[in-house]
Amino acid sequence: YTPARRCPAWVRMKAMLEDDLALKTKRGKKLLHGVLKGLRSQFRVVGLTEQFDRSMRLFDAALPGANFSMLSNQLGKVTHGSEAYNQEETAMILMLRNDTKFQSLVRADLVIYREIEAMFRSQVRAYGVS
């Protein structure tokens, strides 16, 4: 697979590192191990976009002097308009879940994201954030 030149740089990079990102190589597995190890040592707190308000409350609890939840309250419910494309988005998600090529390209991303989700849940419990 060779992406067109007009593709975003990250798409071209994923194609170049395809075997590493699919965790088919020792190098890819080693890189992933380094990333996972670094997440816990380099990030004091993490947030999740899909849990924006809760993430802001976690930042407030974990970072002395922070007042991110006030910003969240001032912004109110802000969306980027994706709700207008819900049917198309749902169809694409279903298609990509069954696309083995795509799944192999994002395998490392999914492992990293699951680790970040676990960190988030742990931090929420540790700081008593509701």
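Just so you know, all these numbers are worked out from the coordinates, no wet-lab data involved. This one's a predicted model, so the numbers in the text were calculated from it and none came from an experiment. Every residue, glycine among them, receives a Cβ derived from its backbone with ideal geometry; neighbour counts consider all protein chains shown.
Remarks
- Spacing of the modelled spin labels on Y127 and F43, each 7 Å from Cα toward Cβ, amounts to 1.3 nm.
- Label-point separation in nm, L23 to K101, each point 7 Å along Cα→Cβ: 2.2
- Sequence-distant aspartates and glutamates (8 or more away, or on other chains) whose Cα lies within less than 20 Å of K101: E18, D19, D20, E89, D109
- Sparsely packed loop sites in the range 28-130 (the trypsin sites (Lys or Arg not before Pro) outside DSSP H, G, I, E and B with at most 15 other Cβ atoms within 10 Å) comprise R44, K77.
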